1. Among the numbered criteria (1) of a type in the set (Asp, Glu); (2) closer than 29 Å to PRO125 by Cα; (3) at pLDDT below 95; (4) surrounded by 14 or more Cβ atoms within 10 Å (Cβ to Cβ), which single criterion is violated by GLU44?
2. Say whether the condition of being under 35 Å from the mean Cα position of the chain (by Cα) and assigned to a loop (DSSP other than H, G, I, E, B) is met by at least one residue in the stretch 463-470.
3. Pick out the one residue from ARG159, ARG202 that is basic (Lys, Arg) and more than 24 Å from ASP55 (Cβ to Cβ).
4. Tally the residues that are charged (D, E, K, R), at pLDDT below 95 and buried (at least 16 other Cβ atoms within 10 Å of the Cβ), restricting the search to the stretch 249-274.
5. Just to be sure, is PHE296 touching an Asp or Glu at 6+ places or on another chain (Cβ under 9 Å), modelled with pLDDT under 90 and surrounded by 15 or more Cβ atoms within 10 Å (Cβ to Cβ)?
6. Looking at the stretch 48-67, is at least one residue in a loop (DSSP other than H, G, I, E, B), polar (S, T, N, Q) and under 17 Å from TYR173 (Cα atoms)?
7. Quick one: ARG176 ticks every box in (1) out of contact with any Leu (no Cβ under 6 Å at 6 or more places or on another chain); (2) crowded, with 17+ Cβ neighbours inside 10 Å; (3) not polar (S, T, N, Q) except a single one, so which number is it?
8. Looking at GLU291 and the list (1) open to solvent by 40 Å² or more (accessible area, probe 1.4 Å); (2) assigned to a helix (DSSP H, G or I); (3) farther than 25 Å from THR260 by Cα, which single condition is not satisfied?
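The values are calculated or read from the model by the stated rules, or taken from the named source; none is laboratory data. Keep in mind the model is a prediction, meaning the values are calculated, not measured. Here the Cβ is made from the backbone with ideal geometry for all residues, glycine too, and neighbour counts use every protein chain on show. The accessibility values were calculated without ligands, DNA or RNA, using every heavy atom of the protein model including side chains. Shrake-Rupley method; radii C 1.70, N 1.55, O 1.52, S 1.80 Å.
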Amino acid sequence: LNGLLDRCIPTPSFICANELDENMDMSGESATPIDGDRPMSDVEETTPLAVTDYDTIANKIMPDPGYEIEDFQYHTWNITNWRSLDKRITGPEFEAGGWKWRILLFPSGNNNSDTVSIYLDFADPKGASAGWHSCVQFALVLWNPHDPTLFINHNAHHRFTAEESDWGFTRFYDLRKLFNPSDNRMRPLIENDSCNITAFVRVLKDPTGVLWHNFINYDSKKETGYVGLKNQGATCYMNSLLQSLYCTTYFRKAVYQIPTEDDEPVKSISLALQRVFYQLQTSDTPVGTTELTRSFGWDSLDSFNQHDIQEFNRLLQDNLEGKMKNTEADAAISKLFGGKTKSYVKCVSVDYESSRVEDYYDIQLNVKGCKTLDDSFMEYIQEETLEGENKYHAEGYGLQDAKKGMFFESFPPVLHLHLKRFDYDMQRDTPVKINDRYEFPMEIDLQRYLSPEADRSKSYKYLLHGVLVHSGDLHGGHYFALLKPEKNGKWLKFDDDRITPVTDKEVLEDNFGGSEVPNASLSPAIRTGGRNIKRFTNAYMLVYIRESDVDWVLSPVVAKDIPEHLQRRLDEEKALFEQKKKEAEERHLYLITKIVTPTTFEHHQGFDLANFDDRQYPLSEVPQYKVLKSETYGNFKAQVAHKFMIPVEQMRFWVLVNRQNKTVRPDTPIPDQFHGM
């Protein structure tokens, strides 16, 4: 959402003061003053806002942060003799959130003489503990000390760390305008070479530990216990579904039970998926999915095309279900995801009813015209009257008035709900994405949607387990998953190769869609104007688990659940990879030496002493030795003598050279005096 808002709304420029690049364009938004001459509301027209009305002005110039405020403080620094100030000065320290802060001022600009630069600075970065951070929303206000209704302000938020200990505005305001009346002001902001600068500081609680994190050197496995999946180009939709299935541990166990010992990963969807799941369990770094996409028969171009998530899910489940037949995992998918619906037609005037029971693995629900998940279910089972030209032809009774409808006979332990965010607009004759507000709960009781004959002996209370999200429009966007992998665990965001904790608000409210009212939590008198902001990030698939089944659906995967051949093959591949990695890292320490012996020359048919690399002819069998460059010539000679069982004193080495005519010839014998070198 922050990325979307950055494109929709101009924001003031801000940058760490000690990281300013003189080539950076930090123009940001225009700094329009708020004073009594600017109409804002009935209250403000008669009573101009003053900086000294600290609480009111703070709410006016700083939007609702959307997070709990741990501490709020303000501090005013009175500045005199402006034209005599040093190029860089700091104000008195003040406390907020238990930490010391100060205002950092560049009166003539931070590497820019046209504007004044002002920052909020953490006063003791060297004294902060390792990993320290503080999430702060702040505003900096420069105002006339004789008239607090004349001021200029900017606001920002930042995650302060020891590495990024200051944040603010490089181009706070045009320096020339500070000394002259302008913008309908009768007095300048800096009058008699003096002014005030007030810092309003809200220290916010960080509910997830990653609020406004820059994710430099972030370790998903260390912070959450989970690793992500690499995006091949446009496979984020697949990654979100795979993570959802992976976190449904009963499904993961069933996949492990498919016999794949003799399969090849690029030709077997089952084995490729097993390998992805096992690596997600054991790896410390993001896992690739190239083998899996190749097992579907996709080429590299397919990885750059987004596929329909429901179609992909059904393709995957159909393939796995076929592989599970007559194995320990037989019927595991239907047990987990399978439910039944009953469609019926019942005549009004005669005793005739036709019905049919069908299986389903997921349910498609309308979003258009529905405000909540309950609305969609009620529309799904809404009864329709067949009458007039639409009468039903009942066998033996002819055309009859009838009632047509559908009920759910049963719901599965794990319920996949596909929300129809993508639909076809008949009036415009074009496909569209529906971004309407659509609410769904953390818990829902589905009993009211059952048919009258359905079994009601068990509970139909379901808990939200996953929200798969699309951010963007019809023609493109990004997919990610919000999942609660453990019964009593935290909600996590699975965004390709990065996993982060999230709040309940990020799971629900942020993905309902619709529009957002700017500063909706503020009173109308101090609310910032502007049009509602349309949300393009919203849920398109929901995963619910029956509360009574959560324990076995999410039961932990243990070592015995994983096929031995899978562990063995991947462990061998990992060891080989580590070995090659080590060899590559140490390659500069070694010298590759080829040994041509009289026997090699005797069996060679052609030019030179041997054929080293011309593949037009049979290559000679030339022994190779990897020798440490620090090894002495004498030790190397002794090793070769031992290998060929030739006394050292009867052996002489010659250096071979590559000549310009592409031949190789003996050049110089190595004398014995090099023996100790």
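1. Single failed check for GLU44: (2).
2. No, the stretch 463-470 has no match at all.
3. Working: ARG202 fails: more than 24 Å from ASP55 (Cβ to Cβ).
So the residue among ARG159, ARG202 that is basic (Lys, Arg) and more than 24 Å from ASP55 (Cβ to Cβ) is ARG159.
4. Total satisfying the criteria: 1.
5. Yes; evaluated as a whole, the condition is true for this residue.
6. No, that holds for no residue.
7. All conditions are met except number (2).
8. The failed condition is (3).
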